[in-house]
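Below: the structure, in structure tokens.
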Amino acid sequence: MSELSEWLNNDPAFTARIRSEDKLWLVTGAAGFIGSNIVETLLRLGQRVRALDNFATGYARNLDDLQSTLDAQSWSRFEFIQADIRDAQACRDACRGVSYVLHQAALGSVPRSIDDPLTTNAVNVSGFINMLDAARREGDIRFVYAASSSTYGDEPNLPKIEERIGKPLSPYAATKVFNEIYADIFRRTYGLKAIGLRYFNVFGPRQDPHGAYAAVIPLWVKAMITGSVLQINGDGETSRDFCFVENTVQANIRAALSDDAAWGEVYNVAVGQRTSLNDLHRAIAEALEQEGLTSSSSIFHGPKRAGDIRHSLADVSKAMRLLGYDPTHDLVAGLRTAMPWYINFFRKDAE
Ligand SMILES: NC(=O)c1ccc[n+]([C@@H]2O[C@H](COP(=O)([O-])OP(=O)(O)OC[C@H]3O[C@@H](n4cnc5c(N)ncnc54)[C@H](O)[C@@H]3O)[C@@H](O)[C@H]2O)c1
């Protein structure tokens with residue numbers, strides 16, 4: 001079995017506790033970026049994992065990648081269901097016998113939701129309720145779901161604290177607000193134990209660098225490795241709290257195993273550091289240099305993107321206090337850890 005993540009090595013008591021359990025986890029969106037990273041860690045911890053995805057934005061290659069890095073015994077505890085969360089019966093079948101649901105399946109991207117609000121709503125809201133309903137019918141399930149920092153909308157204050165949200169600025173953000181509302185309704189109506197994790201700009205291995213809706217870090221790393229044009233939207237002083245995916249995986253697993261007092265809440269999941277796009281560009285260039293590469297891309301300043309918030313910074317103290325969340329990677333450490341993966345991926349991609 002390959003190495004465990006730093007946060008697990010830092011907390012042997014927690015690691016031993018998970019290993020001592022024999023529970024079935026359902027991870028939706030498992031062929032996607034965050035989902036596949038969660039599955040990988042759970043399998044490394046000796047857990048049984050059922051995965052669900054319809055490959056809308058995820059890839060079979062992410063699952064192949066997992067299989068190639070795990071030993072046969074870990075992989076034998078993995079099962080995959082190809083299904084759409086808009087299919088309520090498929091959600092019920094997937095929840096059978098499960099103890100923890102880590103629900104990641106959704107259509108991400110603000111611009112995608114502006115182009116096609118109906119499909120984003122159908123997947124992110126109707127699909128989400130299908131999953132909530134399947135979980136509450138099954139009974140004793142703990143349900144952790146991917147919420148989003150986009151829920152803060154036009155709330156201007158920094159850092160963002162969970163109790164203070166503004167108006168959503170895009171159809172995508174609206175779906176994530178509805179997720180939180182429905183999770184709370186299911187808690188009050190059916191007693192479902194749910195936790196929402198408001199992710200802030202996650203990055204790391206297996207994040208899709210392709211297509212019109214790619215996120216900024218894989219897009220820029222690709223441009224800097226391949227020497228293509230790198231586009232900065234606006235003046236580059238827009239800022240984000242970039243969160244390495246291992247921190248996000250940690251938050252999910254800690255949330256699932258958290259004490260009763262932690263349930264029925266939402267939590268920011270980030271690092272608590274704000275980086276402008278201009279500084280991000282410099283940080284990626286430095287991480288590339290660490291690997292002996294020099295960026296050869298030229299920069300183009302495009303217009304500011306519709307639906308985007310100007311600045312984002314999380315207060316992560318609630319997750320630290322109630323979930324025991326302890327992020328191990330800031331932006332620089334995350335980029336350094338991820339860079340060999342990016343380089344390998346873009347080399348293979350070019351072949
Ligand atoms: N990446 C981020 O920075 C970020 C930030 C905030 C919130 N989130 C949320 O985190 C979750 C995971 O995002 P990601 O970045 O890994 O995206 P991703 O696109 O890589 O993964 C989403 C997965 O869900 C699957 N999916 C989509 N529609 C589906 C459907 N109808 N039925 C079954 N599966 C379906 C996709 O095929 C994909 O594998 C999403 O809920 C997203 O909204 C992500």
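No value in this document is a laboratory result; all are computed from the given coordinates. Note that this is a predicted model, so its numbers are computed, not measured. All Cβ positions, even for glycine, are placed from backbone atoms using ideal geometry, and neighbour counts span all protein chains on display.
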Using a Förster distance of 51 Å, how high is the FRET efficiency between E289 and T189, based on the Cβ-Cβ distance and rounded to 0.05? 0.40
GNM of the chain, Cα pairs under 10 angstrom: of E291, E265, E180, the biggest fluctuation goes to E291
Among L118, C91, G108, pick out the residue whose Cα is farthest towards the positive end of the charge dipole of the range 34-167, where Lys and Arg carry +1 and Asp and Glu carry -1 on C-beta, about the Cα centre. C91
Report, in debye and to the nearest 20, how large the dipole of the chain comes out about its Cα centre when Lys and Arg carry +1 and Asp and Glu carry -1 on their Cβ. 540
Any lysines whose Cα falls less than 20 Å from that of K304, other than same-chain ones fewer than 8 residues away, would be K167
Show me 104-115, 35-46 ranked by packing, highest mean number of other Cβ atoms within 10 Å first. 35-46, 104-115
Charges only on Cβ, +1 for Lys and Arg, -1 for Asp and Glu: so what's the dipole of the range 259-301 about the Cα centre, in debye to the nearest 20? 320
First select every other residue whose beta carbon is under 9 angstrom from the beta carbon of W7; then total the charges, Lys and Arg +1, Asp and Glu -1. -3
Taking the Cα centre as origin and putting +1 on Lys and Arg beta-carbons and -1 on Asp and Glu beta-carbons, what dipole magnitude results for the range 1-145, to the nearest 20 debye? 380
What does the extension gain come out to for K23 and D279, with contour length at 0.36 nm per residue minus their alpha carbon separation? 87.9 nm
Going from the fewest other Cβ atoms within 10 Å to the most, one would list W341, W7 as W341, W7
Do the sum for the chain: with -39,500 (n - 2.57) for every DSSP H run of n ≥ 4, divided by all residues, what is the mean residue ellipticity at 222 nm, to the nearest 500 deg cm²/dmol? -13000 deg cm²/dmol
Semi-axes of the chain's equivalent ellipsoid from the Cα gyration tensor, sqrt of 5 times each eigenvalue, largest first, rounded to whole Å? 30, 24, 20
How far apart, in nanometres, would the label points at R137 and R92 be if each is projected 7 angstrom from Cα along the Cα-to-Cβ direction? 0.3
The rounded separation in angstrom of the Cα centers of the range 62-105 and the range 2-16 is 23
Please build a GNM for the chain, connecting alpha carbons under 10 Å apart, and tell me which residue among N62, N157, N201 fluctuates the most. N157
State the Cα centre-to-centre distance between the range 39-59 and the range 114-189 in whole Å. 22
Ordering 21-30, 296-305 by per-residue average of other C-beta atoms within 10 angstrom, highest first, gives 21-30, 296-305
